[in-house]
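Report on the structure given below.
The values are calculated or read from the model by the stated rules, or taken from the named source; none is laboratory data. Keep in mind the model is a prediction, meaning the values are calculated, not measured. Positions of Cβ are backbone-derived with ideal geometry, glycine not excepted, and every protein chain shown enters the neighbour counts.
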């Protein structure tokens with residue numbers, strides 16, 4: 001599984017609360033809170049739902065690879 005280290009930044013840039021994103025993505029706001037705090041790692045299906053709801057690619061939510069600079 002992966003860590004969505006950029007989820008909060010992307011969500012805030014979209015001007016969405018955790019509850020609003022949860023409703024758009026079809027997940028619970030508790031899941032989003034736990035993912036943003038690093039307390040949970042999402043399943044691939046959850047990553048896809050969140051990315052679709054935010055209008056970004058799933059990789060835009062993930063931690064950048066070692067040695068690569070985030071855009």
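Checked against the criterion of being in contact with a helix residue (DSSP H, G or I) (Cβ under 8 Å, 6 or more places away or on another chain) and within 13 Å of residue 63 (Cβ to Cβ), segment 13-35 has at least one qualifying residue. Of all the residues in segment 48-71, those that are under 12 Å from the mean Cα position of the chain (by Cα), at pLDDT below 95 and in a loop (DSSP other than H, G, I, E, B) number 2. On the stretch given as segment 40-61, residues that are within 19 Å of residue 17 (Cβ to Cβ) and touching a helix residue (DSSP H, G or I) at 6+ places or on another chain (Cβ under 8 Å) total 11. Within segment 32-62, the only residue that satisfies the criterion of being under 17 Å from residue 12 (Cβ atoms), free of Cβ contacts under 8 Å to residues at least 24 places away in the same chain and buried (at least 18 other Cβ atoms within 10 Å of the Cβ) is 51.
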